[in-house]
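Values quoted throughout were computed directly from the atomic coordinates according to the rules given, and no laboratory measurement underlies them. Bear in mind the structure is a predicted one, so any value in this text is a computation, not a measurement. Cβ coordinates were reconstructed from backbone atoms using ideal geometry, including for glycine residues, and neighbour counts include every protein chain displayed.
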Amino acid sequence: MNLTLNVWRQKGPDDPGRMVTYSANNISPDMSFLEMLDVVNEQLEEKGEEPIAFDHDCREGICGMCSMMINGVPHGPDRGITTCQVHMRRFNDGDTLWIEPWRATAFPVIKDLVVQRGAFDRIIQAGGYISVKTGGAPDGNAIPITKTQADKSMDAAACIGCGACVAACPNASAMLFVAAKASQFAHLPQGQPERYRRAKRMVDQMDEEGFGNCTNHYECEAACPKEISVENITLLNRDYIRANLTGVE
Amino acid sequence: MDWVVKFARSSIGAKAVVALTGAGLVGFVVAHLLGNLQLFAGPEQFNNYAHGLKSLGPLLWAARLGLLGMFVLHIGMAIRLQSMNKAARPVSYQSKKAQASTLASRSMLLGGVTLLLFVLFHLAHYTLGVVDPQFLEYKTAEGWHDAYKMTVIGFQSAPVAGLYIAAMAGLAMHLGHGVSSMFQTLGLNHPRYRPLIRGIGPALAALIFLGFVSIPIAVQLGIISLQGGA
């Protein structure tokens, strides 16, 4: 396959950056999207040019590192997968691809397609701990949890923190991420003692980081590689409002 | 009361204010529609209703001030949220594909501003008589303001009727996204009711649209005329 790539190139945080056009020739349809970029980078290096910087780690769709807009959609055109799971057979010979980094004030570009997602870590830190008893390992089934609640918690916990929700949101809001991280605990008995405090602190930190505000477009849900539901946002809204109305600190 | 200000400044708090004031404004729109539909019952019924409203005195002013307050909060908060959203993404994408958002959801601010301009025109048109000062001079046999005659003559102008119909299409689009959004923002949603809540905005918006536009259309078609209602 031969493709034309329009890739965002930016030397560093202070460089204004620009789109650069490359041709990717002799690409196997069996390559993953990142392997295709590896090949392009090898060719760039052979020519003595700077390779395209992009984030990646496990390449198994579970770490949340890979992060790029492919033709205007985070993680490319298929639903429920990360960039590393996109294969070149998904595209046609002669296609033109647009490859851009996540765009958000809270996610400044470090280089090319790599953005700083430390804001997510600070939101997690603001959420704080859950109360657990120290001592001997508790019995696995000591606390009864319904299947429904366990499923909801696990579905929320599937979030890998990649930031596609922010990238897809027209307002660059991080609500789906924060909602997933708050409701994975809110659905479980172990998460109850700090439930409202957690919701309040995480949302307040989210606001401080400069993310936008959710206006219910639901682009996040469509873009999420783990298909996290916006019902988590409903729960976060409810918990945050309750935390404020009842004066939880 | 420090917490109220702090809450209203947070993203979710500000949206809750927009949602609650929006709910109040939707209530007003529905009440206004039910009042207007009495045009179909003829001049006597409509003028009785209009006179009844005018005779409320201080209550009418309380309602007007309440409405004004809701408008100011709704618009003020929405503009503040929108400016934060613009600041949250200063560099836009070269290529961005919408997967779930709708024209209605993306045009809430533009639609809202258009509606505000319409409301100002509407007040100038029928409440203040700026467009045609004669409008406020029409009197019924009882000596009351003849609101029926004013409305019918107003809508007999095709451009005016067209403008009102277009504005109602804008209102329908705004409510189509807004009403469903309100439930989500206030945390009132559940998997079981999600299809219902997603549908309630567009359904209510369609009903309100049909209700309001039936009046200028009926006047244009001569179904409602100075001689009487349908």
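Cα convex hull of the protein assembly as shown: mean projected area in nm², to one decimal?
Details: hull surface 119.3 nm².
It is 29.8 nm².
Pairs exceeding 26 Å between alpha-carbon atoms, taken from A:Lys47/B:Lys97; A:Lys133/A:Lys200; A:Lys200/B:Lys15; A:Lys47/A:Lys111; A:Lys47/B:Lys96; B:Lys6/B:Lys96: A:Lys47/B:Lys97; A:Lys47/B:Lys96; B:Lys6/B:Lys96. Our coupling estimate for segment B:44-54, obtained by passing each phi through the Karplus curve with A = 6.51, B = -1.76, C = 1.60 and θ = phi - 60°, is 5, 4, 5, 5, 4, 5, 4, 5, x, 4, 4 Hz, Gly and Pro reported as x. Say we join alpha carbon atoms closer than 10 Å with springs in a Gaussian network model of chain A; which of A:Gly76, A:Gly191, A:Gly163 then has the biggest fluctuation? Answer for the Gaussian network model of chain A: A:Gly191. At an R0 of 25 angstrom, the distance between the Cβ atoms of B:Leu120 and B:Trp61 translates into a FRET efficiency of 0.80. Under 19 Å between alpha carbons, and skipping anything fewer than 8 positions from B:Lys149 in its own chain: which aspartates and glutamates qualify? Excluding near neighbours in sequence, the set is B:Glu44, B:Asp132, B:Glu137.
How many percent of all Cα-Cα pairs in chain A sit more than 29 Å apart?
Pairs farther apart than 29 Å: 36 percent.
Over the C-alpha atoms of segment A:83-151, the Rg to Rh ratio, Rh being the Kirkwood estimate, stands at 1.22. Considering only B:Val179, B:Val213, B:Val131, the Gaussian network model of chain B with Cα springs below 10 Å gives its largest mean-square fluctuation to B:Val131. Of interest is the spacing of the C-alpha centroids, which for segment B:138-182 and segment B:28-53 amounts to 12 Å. Select from A:Cys220, A:Val166, A:Pro138 the residue farthest towards the positive end of the dipole of segment A:117-245; place +1 on Cβ of Lys and Arg, -1 on Cβ of Asp and Glu, and compute about the Cα centre. Farthest towards the positive pole: A:Pro138.
Of all DSSP beta bridges confined to the protein assembly as shown, the antiparallel ones make up roughly 75%.
Can you tell me the length gained on complete extension of the stretch A:Glu50 to A:Asp95, counting 0.36 nm per residue apart and subtracting the Cα distance? If you can, show how the numbers build up before the last one.
Numbers: separation 45, 0.36 × 45 = 16.20 nm, distance 2.38 nm.
That pair, A:Glu50 and A:Asp95, stretches by 13.8 nm at full extension.
What the Kirkwood sum gives for segment A:3-100 is a hydrodynamic radius of 13.9 Å, with every pair of different alpha carbons counted. Taken one residue at a time, the phi angles of segment A:176-190 give Karplus couplings (6.51, -1.76, 1.60, θ = phi - 60°) of 5, 4, 4, 5, 5, 6, 7, 7, 4, 8, 4, 7, 10, x, 5 Hz. Gly and Pro are set to x.
Convex hull volume of the C-alpha atoms in segment A:117-245, normalised per residue: 111 Å³. Amide H contacts for A:Leu97 (H built 1.01 Å from N in the peptide plane; partners 5 or more residues away or on another chain; cut-off under 5 Å): A:Thr4, A:Leu5, A:Asn6.
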